[in-house]
1. Given (1) of a type in the set (D, E, K, R); (2) under 28 Å from A:GLU93 (Cβ atoms); (3) modelled with pLDDT of 95 or more, identify the lone condition not met by B:ASP96.
2. Quick one: which strands (runs of 3 or more DSSP E) sit completely within the stretch A:1-64 and have at least 3 residues that are in contact with a Lys or Arg (Cβ under 9 Å, 6 or more places away or on another chain) and more than 11 Å from chain B (Cβ to nearest Cβ)?
3. Do the conditions hold for B:VAL12, that is, is it touching a residue at least 12 places away in the same chain (Cβ under 8 Å), at the interface with chain A (Cβ under 10 Å from one of its Cβ atoms) and under 27 Å from A:GLY102 (Cβ atoms)?
4. Can you tell me which condition A:LYS42 does not meet? The list is (1) crowded, with 17+ Cβ neighbours inside 10 Å; (2) under 24 Å from B:TYR89 (Cβ atoms), and all the others hold.
5. Say we look at the stretch B:20-52 and pick out the residues that are surrounded by fewer than 17 Cβ atoms within 10 Å (Cβ to Cβ) and within 15 Å of B:GLN85 (Cβ to Cβ); which of these is farthest from the other protein chains (Cβ to nearest Cβ)?
6. With the checklist (1) free of Cβ contacts under 8 Å to residues at least 60 places away in the same chain; (2) closer than 17 Å to B:THR108 by Cα; (3) under 11 Å from the mean Cα position of the chain (by Cα) in hand, flag the one item B:VAL66 doesn't pass.
7. Modelled with pLDDT of 95 or more and in contact with an Asp or Glu (Cβ under 6 Å, 6 or more places away or on another chain): does that describe B:SER87?
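The values are calculated or read from the model by the stated rules, or taken from the named source; none is laboratory data. None of the values given here were measured: they were computed from a predicted structure. Because the Cβ atoms are built from the backbone with ideal geometry, glycine has one as well, and the counts that use them run over all protein chains shown.
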Amino acid sequence: QKEVEQNSGPLSVPEGAIASLNCTYSDRGSQSFFWYRQYSGKSPELIMSIYSNGDKEDGRFTAQLNKASQYVSLLIRDSQPSDSATYLCAVKEWSNMLTFGGGTRLMVKP
Amino acid sequence: NAGVTQTPKFQVLKTGQSMTLQCAQDMNHNSMYWYRQDPGMGLRLIYYSASEGTTDKGEVPNGYNVSRLNKREFSLRLESAAPSQTSVYFCATLGDYGYTFGSGTRLTVV
């Protein structure tokens, strides 16, 4: 059973702080990694994708991947109340399917 | 606007009734997916279609059937609805940068 694990939270951070969201996965053959944001009552939307070890930055978001440790993370700098949502980690193996973690609920307090 | 369109957005069924959830995409993607999302369970794959004319079971297929009518459309049918099928259902397509989700169908079976 391929697994993607996330702490369900809630993770509470003050406005302007860095939010760090973590994800581990079980399948060493995993090739692609995605972070989705889901607001309450809405569908998931893609924030970041990462395919190779290291960091990938896009605006206030940085995705980090460590395949040796089977670990992927998402950093949100200068967190805003509008960032309050559930963040889903997803992993793609050789097939064209994503396996999702249960999501981490982030709360950014003004 | 390009994207994934799901209908209906909301539905209430009585136990034993049947219904079909519709999904259509105009992104010219080959692969399409049906997920259900339940509190604490994350997104779970029901069925998927790698290309027109093919369908395969996912993690939780029991109680559901699908039809890939053409490249654009992928429908999900509940033949005899059960309260355990109360959930939010998402259709998704796979592109070069991950999944694009429809807006979801909130189904309640009473």
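1. With (1) of a type in the set (D, E, K, R); (2) under 28 Å from A:GLU93 (Cβ atoms); (3) modelled with pLDDT of 95 or more applied to B:ASP96, the lone miss is (3).
2. Filter on the stretch A:1-64 gives A:11-14.
3. Numbers: touching a residue at least 12 places away in the same chain (Cβ under 8 Å): yes; at the interface with chain A (Cβ under 10 Å from one of its Cβ atoms): no; under 27 Å from A:GLY102 (Cβ atoms): yes.
No.
4. A:LYS42 satisfies all of (1) crowded, with 17+ Cβ neighbours inside 10 Å; (2) under 24 Å from B:TYR89 (Cβ atoms) except (1).
5. Only one residue tops the list, namely B:THR20.
6. All conditions pass for B:VAL66, except number (2).
7. yes
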